[in-house]
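See below for the structure under consideration.
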Amino acid sequence: MLNSTKLDASQARFNAVAATEDHLRRHGAGLCDLLDALDDRSGFDALCDLHGAISERFPDADAVEQALRDIRRILSEQAPSALDRISHERSLPASDMTRWHGARVSELLARFRHAG
């Protein structure tokens, strides 16, 4: 007999991965620009990890979720003064971008929490 709860959770995690892939397709370039501009190289590395996990034939939902957690943490740790400096140096609305991308990453992570 199949455990439908486990199947539902697996499907929900699959859907969360698919939503993440769709989000990256549409907004990944902006997130990449922002993470590249930050003083913390680990943000760009986390995005590379996310792309690597998504690119697998059968993406590892745990790896995708962890990369999203890393990105959210890095975005949330940015000091307003650093974002202001980036805005002036790179002509990027870094504060707005950080808030927007942080909110979207949080929304994606919520899909994983509801799947578990």
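Some notes on this structure:
- Table column - 3J(HN,Hα) (Hz), segment 10-20, Karplus curve with 6.51, -1.76, 1.60, x for Gly and Pro: 5, 5, 5, 5, 4, 5, 5, 5, 4, 5, 5
- Answer label for Kirkwood radius over Cα pairs in Å (calculated), chosen among (i) 15.2; (ii) 19.8; (iii) 14.8: (iii)
- Taking the chain and dividing mean pair separation by its residue count, relative contact order in percent (alpha carbons under 8 Å, at least six apart): 36 percent
- With DNA, RNA and ligands ignored, accessible area of D49 (1.4 Å probe; Å², nearest 10): 100 Å²
- Trypsin sites (Lys or Arg not before Pro) lying in DSSP loop within segment 42-79, provided at most 16 other Cβ fall within 10 Å: R57
- Phi-based couplings in Hz for segment 84-91 (Karplus 6.51, -1.76, 1.60; Gly and Pro marked x): 4, 4, 4, 4, 6, 6, 10, 6
- Of all accessible heavy-atom area on the chain, the percent that carbon and sulfur account for (1.4 Å): 51 percent
- Residue of S81, S42, S95 that the Gaussian network model of the chain assigns the largest fluctuation, springs spanning Cα pairs under 10 Å: S81
- Here is how the number arises for the chain: DSSP H runs of 4 or more residues each give -39500 (n - 2.57), the sum is divided by the residue count, and the result at 222 nm is -29000 deg cm²/dmol.
The values are calculated or read from the model by the stated rules, or taken from the named source; none is laboratory data. Keep in mind it's a predicted model, so treat the numbers as computed, not measured. Neighbour counts are summed over all protein chains in view; Cβ atoms, including those assigned to glycine, are modelled from backbone coordinates with ideal geometry. Accessible surface areas use protein heavy atoms only, side chains included; no ligands, DNA or RNA. Shrake-Rupley method; radii C 1.70, N 1.55, O 1.52, S 1.80 Å.
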